[in-house]
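Down below is the structure, laid out as structure tokens.
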Amino acid sequence: MKIPNGHEIIHLFEQFSPKGLAMEGDKIGLQIGRLNKKVERIMIALDVLENVIDEAIEKNVQLIIAHHPIIYRPLKNLLTDTVQGKMIEKLVKHDIAVYAAHTNLDVAKGGVNDLLANALELQDAEVLVPTFDTKLKKLVVFVPASHAEVIRKVLGEAGAGFIGNYSHCSFSANGTGRFLPGENTNPFLGEAGRLEEVEEVRLETIVPEPLLKKTITAMIKAHPYEEVAYDVYPLENTGDVLGLGRIGKVPEMTLGEFAERVKTAFEVSNVRVVGDLSTKIKKVAVLGGDGNKYFMNAKFQGADVYVTGDIYYHTAHDAQMQGLNMIDPGHNVEKVMKKGLTATLQKMCQESGYTVEIFPSKVNTDPFQFV
């Protein structure tokens, strides 16, 4: 086990939530501080406000991973007698780095929108607004027959070989490998200066492009040869369709009953509802944050109700005219990402042999209250 630096943590995180998934112009990535330092404590936050920063200071945090960027609009100056300037000054003085993962975390498989759908117990959930087709690569590696099963297992555990709901998919063919070890080599089989023939297995599998480097690294580490022979081919077919929001099914219930489920799932005391509370609903769309402009996506895909935050007055009227029910539990329900991302990153760090403490912020950053 080792204490990782910030670059190693973010390298892991971006395998789960790559920057390439973000919407154009989104403010993501490292916003404050540095990553070339040891990181022993990481805090996961929805927002980076002054009370969140004070919590990080108190808990001796070196890195905050937040969903909402602390710097969203360009700064023309940095005045430390303003609230934002004071916040940034605190972070810099205490050497706390802030990394933002916004729409890329919304889109990512297992990210914000999947967490929201899971909280609502949606069945057969699919992407509501497709934004990204995962590119696939074909990875072919040649390995001595004695190690074929080991390499096959390593490839599967690294994320290769997923086709729909099937994992560890691969193909293999037997053949003869030939090589001539040169001077100053230490071959696994044969000897320097002598042409060698070896019974080998050609293993091939598919790999999502974001996992390609990780998969190749794991494969080379487990391979017995000094020099590993492998090929990577681009593919025309694509993998998972990723995007914003999710749409799925629930057991039939009234809109009023489902509104109660929303309140319980997201731990909120009130929700705003558009529609007749006695209406029967079965198909549900959910999109974290401000989902006003996507309500017609929900309608076109047959949703009976659309759950999203920050619903505008005129959007509610438009939805009514389209016969679409809506529920607004607030923007802050994206807080589900704090526990969800904590669990995901903890698992990834453990698998990588990193000793680091990761925990969710306990500060409530919802600016609204009902009276």
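The values are calculated or read from the model by the stated rules, or taken from the named source; none is laboratory data. All figures in this text were calculated on a predicted structure; none of them were measured in a lab. Neighbour counts run over all protein chains shown; Cβ positions are idealised from the backbone, glycine included. Only protein heavy atoms, including side chains, enter the accessible area calculation; ligands, DNA and RNA are left aside. Shrake-Rupley method; radii C 1.70, N 1.55, O 1.52, S 1.80 Å.
Here is how the numbers come out for the structure above:
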read-out: Residue that is touching a residue at least 12 places away in the same chain (Cβ under 8 Å) and more than 21 Å from the chain's Cα centre (by Cα), where the choices are Ile70, Ile88, Ile64; value: Ile88
read-out: Number of the condition not met by Gly239 [criteria: (1) at pLDDT below 95; (2) farther than 29 Å from Leu287 by Cα]; value: (2)
read-out: Members of the range 298-317 found to be part of a helix (DSSP H, G or I) and closer than 29 Å to Pro69 by Cβ, listed by number; value: Ala298, Tyr313, His314, Thr315, Ala316
read-out: Unique residue being crowded, with 17+ Cβ neighbours inside 10 Å, at pLDDT 95 or above and over 19 Å from Glu204 (Cα atoms) when the list is Val154, Val129, Val143, Val92; value: Val129
read-out: Residue within the range 158-168 that is buried (at least 16 other Cβ atoms within 10 Å of the Cβ) and in contact with a Gly (Cβ under 8 Å, 6 or more places away or on another chain) present; value: yes
read-out: Of all residues making up the range 175-210, the number that are open to solvent by 60 Å² or more (accessible area, probe 1.4 Å) and within 18 Å of Val141 (Cα to Cα); value: 7
read-out: Within the range 266-300, tally of residues that are within 14 Å of Ala117 (Cβ to Cβ) and open to solvent by 30 Å² or more (accessible area, probe 1.4 Å); value: 1
read-out: Of residues in the range 318-371 being farther than 25 Å from Asn270 by Cβ and assigned to a loop (DSSP other than H, G, I, E, B), the one nearest to the chain's Cα centre (by Cα); value: Ser352
read-out: Sole residue being touching a Gly at 6+ places or on another chain (Cβ under 6 Å) and more than 26 Å from Ile163 (Cα to Cα), chosen from Lys283, Lys263; value: Lys283
read-out: Counted residues, the range 107-126 - those being open to solvent by 10 Å² or more (accessible area, probe 1.4 Å) and not small (Gly, Ala, Ser); value: 9
read-out: Test result for Asp81, part of a loop (DSSP other than H, G, I, E, B), on the phi > 0 side of the Ramachandran plot and either open to solvent by 40 Å² or more (accessible area, probe 1.4 Å) or at pLDDT below 95 (or both); value: no
read-out: Yes/no for Asp47 being out of contact with any strand residue (DSSP E or B) (no Cβ under 6 Å at 6 or more places or on another chain), open to solvent by 50 Å² or more (accessible area, probe 1.4 Å), among the acidic types (Asp, Glu) and under 26 Å from Pro367 (Cα atoms); value: no
read-out: Residue in the range 272-283 that is of a type outside the set (S, T, N, Q), out of contact with any His (no Cβ under 8 Å at 6 or more places or on another chain) and part of a helix (DSSP H, G or I) present; value: no
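Conditions (1) under 30 Å from His147 (Cβ atoms); (2) in a strand (DSSP E or B), marked per residue:
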site: Glu197; (1), (2): yes, yes
site: Val207; (1), (2): yes, yes
site: Lys213; (1), (2): yes, no
site: Leu235; (1), (2): yes, yes
site: Val241; (1), (2): no, yes
site: Arg246; (1), (2): no, yes
site: Thr264; (1), (2): no, no
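Condition check ((1) among the β-branched types (Val, Ile, Thr); (2) touching a strand residue (DSSP E or B) at 6+ places or on another chain (Cβ under 9 Å); (3) open to solvent by 20 Å² or more (accessible area, probe 1.4 Å); (4) farther than 26 Å from Ile42 by Cβ) across all residues:
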site: Thr308; (1), (2), (3), (4): yes, yes, no, yes
site: Tyr354; (1), (2), (3), (4): no, yes, yes, no
site: Asn364; (1), (2), (3), (4): no, no, yes, no
site: Phe370; (1), (2), (3), (4): no, no, yes, yes
